[in-house]
Amino acid sequence: MSGVVRRRVEGWHRSSGGLRQASVRVRSTAAAVIVVALALTIGAAALLLLLQRALITEVTDAAETRVADVAGQLGARGTSQVAQDLPATTRASQLIQVLDASGRVVAASSSRVAATPLTDLRPPAGALMWAQVGDMPLIDDDHLYQIVAQGASYGGKPYTVVVATSVQTQRQTVGTVAKFLAIGFPALLIVVGVASWLMAGQALRPVERIRSRVQGIGSRDLTERVPVPTTRDEVARLAVTMNEMLNRLELGQSTQRRFVSDASHELRSPLATLTAALEVVDADTSGKAWQELHPVMQAETERMRRLVEDLLLLARADDTGLRMQKTDVDLDDLVSAEIQRLRSSTPELTVTGDVHPVRIVGDPVRLSQVLRNLVDNAARAAHTSVRLTTTEQNGSAVVTVEDDGDGIPEADRQRVFQRFVRLDTSRSRASGGSGLGLSIAQEITRAHQGTITLAPSRAGGTKATITLPR
């Protein structure tokens, strides 16, 4: 017995699992057919119940009307006159008796009910009582009858008027309706299934086209896009979202390729310099070449180290975001330190500052890196002067770095934040710049929920503004 139960349970699991793994079209069609079948079953049961009750109520109302008429005639004209009128005035579906106090039939609508009372109901004068009976031996049929009895009186004697109405016609009507429903249900369910299958296929056809197109898109070519249906429904929004995702993937891929290409290009120059220097040192047996080329090789090695560190920092920013060691930071101290450093390293420039105390929560090392990158850019671009300021505006800390150089064209003010972008390639490479300074500064500022903007300065050059929330 346990083996049979186990096989049945496993079979049920397999069938339910198969339904879960079926296609959306099959599941949608099955769900529609099941829901319609349940709705039709409940609706049919309610219809048959209400129809039967309505027909029985109609029969009962007619019987009550008839029993009241007969009781009124009995009270006005007596049993003999009622006995004469009943056979001629009674419908075929009704049987009427008039019983005296002892239960004897004193008047009847038909000889079928002239001998034995139809019911034991004995209501008092003017009162009504109801009952349903079937398979009465005294009647030569097996119909179900609705019986209504009303008490009456004549000449001071109590009587009972009984009206029995066959409900066979009503039962047949309900049965006929049930047969038609039983015949129509399968046909209707087939129509619903076919319609659901066709509609689901029509609705999923754009999804299949999207799937086919996405399947054909390779990682080497992300320029293709999925077709967008003309309908403004969920499928159209799915196609738009897929195309937006492909746009992001294509942009990320092109950025990655450009990043790798630029990084390779940047590393090629110091590697070529180091290779050439080593070849010269190898060929020189006197040792003088090593003394002459040592500073060059050291500078190129330092340049490669800075470039690799910058690349790793940007890679971490792209991957998981920069992690900040946040603490209280006095921005005015950082700016003052940069002013002193720039004055000592570039005495040919006039370095001024308008520094006000401003404190924020941030990473002092990373913020110092942002300031150094901006200050170094300003020093390279300036003709004679650089100006640094700190202030507080609308609850935010604002740091500005201005120079009196040639300035940055408006079309390039956003482009310079891209990686490896130089507006003056030869000078930047000669001074060791990699074109990553502004990109790194922007990433660090974003990690602090701040912004960097570039605008023309009053001195004619560029004004870099750092805005950080306090």
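The values are calculated or read from the model by the stated rules, or taken from the named source; none is laboratory data. Note that the structure is a prediction, hence the values are computed from the model and not measured. For neighbour counting, all protein chains shown are included, and Cβ atoms are generated from backbone atoms with ideal geometry for every residue, glycine included. In case anyone asks, the SASA skips ligands and DNA or RNA and just uses the protein heavy atoms, side chains included. Shrake-Rupley method; radii C 1.70, N 1.55, O 1.52, S 1.80 Å.
Does the range 296-308 contain any residue that is under 23 Å from Gly252 (Cβ atoms), at pLDDT 75 or above and open to solvent by 50 Å² or more (accessible area, probe 1.4 Å)? The answer is yes; a qualifying residue exists. Specify which of the listed residues (Val399, Val375) is farther than 21 Å from Asp328 by Cα, of a type outside the set (Lys, Arg) and modelled with pLDDT of 85 or more. Result: Val375 is the single residue among Val399, Val375 that is farther than 21 Å from Asp328 by Cα, of a type outside the set (Lys, Arg) and modelled with pLDDT of 85 or more. The set of residues from the range 297-313 being over 15 Å from Ser264 (Cα atoms) and of a type in the set (A, V, I, L, M) comprises Met297, Ala299, Leu313.
Pairing residues of the range 48-62 that are more than 16 Å from Ala164 (Cβ to Cβ) with residues that are of a type in the set (Gly, Ala, Ser), at Cβ distances under 8 Å and at least 6 apart in sequence or on separate chains, gives Leu48/Ala178.
Regarding Thr462, is this residue modelled with pLDDT of 90 or more, surrounded by fewer than 19 Cβ atoms within 10 Å (Cβ to Cβ) and not aromatic (Phe, Trp, Tyr)? Judged against the criteria, Thr462 is not a match.
Among the residues of the range 80-133, those identified as in a loop (DSSP other than H, G, I, E, B), under 18 Å from Glu64 (Cβ atoms) and either of a type outside the set (Ser, Thr, Tyr) or open to solvent by 40 Å² or more (accessible area, probe 1.4 Å) (or both) are Arg91, Ser93, Leu118, Leu121, Arg122, Pro123, Pro124, Gly126, Ala127.
Could you say which residue among Leu238, Leu312, Leu249 is modelled with pLDDT under 85, more than 18 Å from Val421 (Cα to Cα) and either touching a strand residue (DSSP E or B) at 6+ places or on another chain (Cβ under 6 Å) or open to solvent by 70 Å² or more (accessible area, probe 1.4 Å) (or both)?
Numbers: Leu238 fails: modelled with pLDDT under 85; Leu312 fails: more than 18 Å from Val421 (Cα to Cα).
The match here is Leu249.
Could you tell me whether any residue of the range 148-165 is assigned to a helix (DSSP H, G or I) and open to solvent by 20 Å² or more (accessible area, probe 1.4 Å)? So far as the range 148-165 goes, no, none of its residues is assigned to a helix (DSSP H, G or I) and open to solvent by 20 Å² or more (accessible area, probe 1.4 Å).
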